[in-house]
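Enquirer: Sending over a structure as structure tokens; questions will come in a sec.
The values are calculated or read from the model by the stated rules, or taken from the named source; none is laboratory data. What you see is a predicted model; the values in this text were computed from it and never measured. Cβ placement follows ideal geometry from the backbone for every residue including glycine, while neighbour counts extend to all protein chains displayed. The accessibility values were calculated without ligands, DNA or RNA, using every heavy atom of the protein model including side chains. Shrake-Rupley method; radii C 1.70, N 1.55, O 1.52, S 1.80 Å.
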Amino acid sequence: MNEVLEVENLFKKYKNGRGVENISFKIKEGEVLGLLGPNGSGKTTIMKSITGLLNIGQGKVNICGYDLSENFEKAITQLGCLIEKPVSLEYMTAYNNLKIISRYYEGIDSSRIDEVLESVGLKKYKNEKVKNFSLGMKQRLSIGMAILHKPKLIILDEPANGLDVEGTKELRDIILKLSKEYMISFLISSHLIYEIELICDQILILKEGKIIDRCTVADVIDKGEVLESYFLDKIKTKVD
């Protein structure tokens, strides 16, 4: 499978000394990679660096073969993201929210908007105002916005935050469908380790801005462990 994302020696430090260093990893087509780590371990910094929301201190980010620093426009068009919280125009309908987003891209017509609404389970609510949506529905609409232009990579920062059990299950099913049927790659951070265990192929564990472990869910299961115990054991390790 082709590599959709390659991060090489990413380094980004803030004035308070926090940040990330020596971050390197790859994501292949259709793969779901999860970032796990305590608060302040660097998960959101990595995601914002990849999306161009933060200037990279050092290192390289390649999205579908395009260097983010040298060919930003082509790189970023391969990407969709939802970072921190869903954002939409609540006084407008779900359909019209996507219609506005479509104006930033070429070749997106009403049939594509309906296709996206169907894929995130919102087609029957297309003409309802977003202000009447549950949090889970707003999350799904935000994912619809992220995939409207058919990107190869989706970045989700705590996508299940605040969702109830039903909403979390719906979100999980959407991610699995998009990754396995449409071969869209995902980079996801979450504090819900059980959800990471259910949807991710590969996992990076972060602590104090460094990657302290790489594993697959299959590897952890083969060892007879659950991911939560494995994670807690790893973060007890002293960072060099």
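Enquirer: Testing SER88 on (1) of a type in the set (Gly, Ala, Ser); (2) in a loop (DSSP other than H, G, I, E, B); (3) over 19 Å from the mean Cα position of the chain (by Cα); (4) farther than 30 Å from PHE231 by Cβ, one condition comes back false. Which one is that?
Expert: Of everything listed in (1) of a type in the set (Gly, Ala, Ser); (2) in a loop (DSSP other than H, G, I, E, B); (3) over 19 Å from the mean Cα position of the chain (by Cα); (4) farther than 30 Å from PHE231 by Cβ, SER88 misses just condition (3).
Enquirer: Just to be sure I understand, how many residues within the stretch 6-23 are free of Cβ contacts under 8 Å to residues at least 24 places away in the same chain and among the small types (Gly, Ala, Ser)?
Expert: 1
Enquirer: Applying the selection to the stretch 18-37, what residues are part of a loop (DSSP other than H, G, I, E, B) and either open to solvent by 50 Å² or more (accessible area, probe 1.4 Å) or under 16 Å from PHE186 (Cβ atoms) (or both)?
Expert: Correct list: ARG18, GLU29, GLY30, GLU31.
Enquirer: Okay, moving on. Here is a check on your reading of the model: is LEU163 open to solvent by less than 40 Å² (accessible area, probe 1.4 Å), modelled with pLDDT under 85 and either on the phi < 0 side of the Ramachandran plot or aromatic (Phe, Trp, Tyr) (or both)?
Expert: Taking the combined requirement at face value, the residue satisfies it.
Enquirer: What is the one condition in (1) surrounded by 18 or more Cβ atoms within 10 Å (Cβ to Cβ); (2) part of a helix (DSSP H, G or I) that PRO151 does not satisfy?
Expert: So PRO151 meets the others, but not (2).
Enquirer: On to the next question. Across the stretch 181-219, what is the total count of residues that are in contact (Cβ under 8 Å) with a residue 24 or more places away in the chain, over 17 Å from GLU115 (Cα atoms) and not in a strand (DSSP E or B)?
Expert: 14
Enquirer: A follow-up question, please. Can we say GLY144 is at positive phi, in contact (Cβ under 8 Å) with a residue 12 or more places away in the chain and either open to solvent by less than 40 Å² (accessible area, probe 1.4 Å) or not hydrophobic (A, V, I, L, M, F, W, C) (or both)?
Expert: No.
Enquirer: Would you be able to say whether some residue in the stretch 200-217 is open to solvent by 80 Å² or more (accessible area, probe 1.4 Å) and modelled with pLDDT under 90?
Expert: For the stretch 200-217, residues open to solvent by 80 Å² or more (accessible area, probe 1.4 Å) and modelled with pLDDT under 90: absent.
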